[in-house]
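Asker: To start, I am sharing the structure in question, which I have written as structure tokens.
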Ligand code: ATP
């Protein structure tokens with residue numbers, strides 16, 4: 001029995017790590033425990049998950065109709081494409097359907113009609129676990145576990161070496177902060193440990209995602225404003241993680257997406273305007289008035 005204890009204990013901690021990661025993903029996407037019922041295909045296609053071993057992915061929505069309840073359609077025919085390594089941003093009023101798009105990309109729900117495609121195939125053709133391994137999220141608000149800060153970063157990819165964890169922390173601009181803590185990477189964080197600020201938590205999330213190295217990145221920008229200095233550091237870290245990676249940004253501050261290849265402006269489940277920042281300003285309609293409301297040019301300093 002004693003001989004069994006070691007492996008069982010190990011399995012127990014792997015199980016709890018996987019559970020925690022799943023809970024975190026659900027939390028990130030604002031999901032509750034309800035109704036998540038999608039089935040794996042009988043003969044799943046394989047999909048490369050890490051950018052290091054494959055090219056950036058291609059993501060496409062083709063005339064997607066979807067609602068959470070049969071009586072209420074939320075997305076009314078959404079089509080767009082994110083070419084490999086490119087960045088598309090979604091902006092719009094609250095309740096417009098922005099987060100719903102990211103949930104469909106992860107296939108937490110199936111579309112009513114149309115299709116969500118990754119690498120030219122319907123997401124329903126992949127195993128869910130593989131699909132979710134290929135996509136990383138930097139959420140609005142990161143859950144920290146009552147573990148060391150090193151562990152909190154490392155579970156971006158279970159099995160990463162301490163050197164890889166440290167490198168990810170450096171790229172996410174959180175390494176120096178960690179080294180200033182009395183116990184460095186061993187410092188306990190979470191409810192029963194050190195409380196991190198919103199900006200520090202976000203950098204932990206970025207470090208996790210750098211370690212995970214997904215081929216598609218979803219950035220769910222925080223609504224709450226950070227101070228200018230922190231914001232600059234976060235933006236620099238996000239640039240690192242999104243460089244050459246297919247990226248979908250759910251944006252609240254327009255200043256962070258002026259460089260997007262395409263901006264989709266959503267209202268009530270429709271894309272009402274689309275184009276580059278410059279083209280949308282020239283249209284002088286919805287986006288242009290949002291830009292003006294956020295302080296126009298001075299918004300770039302925010
Ligand atoms: P915000 O900027 O406020 O986060 P959003 O554009 O991301 O808004 P979504 O979260 O995609 O909006 O929600 C779109 C619509 O779908 C809203 O009307 C919302 O009430 C509804 N909705 C979201 N999640 C569910 C759910 N689990 N069950 C039923 N309706 C939902």
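Asker: Calculate the FRET efficiency for residue 69 and residue 93 from the Cβ-Cβ distance with a Förster distance of 25 Å, rounded to the nearest 0.05. All intermediate terms of the calculation are to be shown ahead of the outcome.
Answerer: Details: r = 21 Å, r/R0 = 0.83.
Taking R0 as 25 Å, the efficiency between residue 69 and residue 93 is 0.75.
Asker: Counting only DSSP beta bridges with both residues in the chain, what percent are antiparallel, rounded to the nearest 5? Please report the intermediate quantities before stating the final value.
Answerer: Numbers: 21 of 41 bridges.
Once the DSSP bridges in the chain are tallied, antiparallel ones form about 50 percent.
Asker: Which whole-number percent is the relative contact order of the chain (Cα, under 8 Å, 6+ apart)?
Answerer: 23
Asker: Please report, for the Cα atoms of the chain, the Rg to one decimal and the Dmax as a whole number; what are they, in angstrom?
Answerer: Just the Cα atoms of the chain yield Rg and Dmax of 19.8, 73 Å.
Asker: Shifting gears a bit: As a footprinting exposure proxy, order 246, 240 by other Cβ within 10 Å, with the fewest listed first.
Answerer: Ranking 246, 240 by Cβ neighbours within 10 Å, fewest first, gives 240, 246.
Asker: At a 10 Å Cβ-Cβ cut-off, how would you order 147, 37, 200, 81, fewest neighbours first? The partial results should precede the final answer.
Answerer: On the way: 147 18, 37 8, 200 21, 81 14.
With the fewest neighbours first, 147, 37, 200, 81 line up as 37, 81, 147, 200.
Asker: Between 133, 160, 278, find the one with the highest GNM mean-square fluctuation for the chain; connect C-alpha pairs within less than 10 Å.
Answerer: 278
Asker: Determine the calculated [θ] at 222 nm for the chain from helices alone, applying -39500 (n - 2.57) to every DSSP H run no shorter than 4 residues and normalising by the residue count; nearest 500 deg cm²/dmol. Could the numbers behind the result be given before it?
Answerer: Working: 10 runs with 109 residues, N = 302.
So the calculated ellipticity at 222 nm is -11000 deg cm²/dmol.
Asker: Determine the principal axes of the Cα atoms in region 237-284, then give the extent along each, sorted from largest to smallest and rounded to whole angstroms.
Answerer: That gives 31, 24, 17 Å along the principal axes, largest extent first.
Asker: Tell me, 259, 141 in order of fewest to most beta-carbon neighbours within 10 Å?
Answerer: Working: 259 10, 141 15.
Exposure proxy ranking, most exposed first: 259, 141.
Asker: Limiting things to C-alpha atoms, what are the Rg and the maximum Cα-Cα separation (Dmax) for region 68-122, in angstroms?
Answerer: Cα radius of gyration and Dmax of region 68-122 are 11.9, 37 Å respectively.
The numbers here are math on the coordinates, done by the rules we state, and not lab data. Just so you know, these numbers come straight off a predicted model, no measurement behind them. Cβ coordinates were reconstructed from backbone atoms using ideal geometry, including for glycine residues, and neighbour counts include every protein chain displayed.
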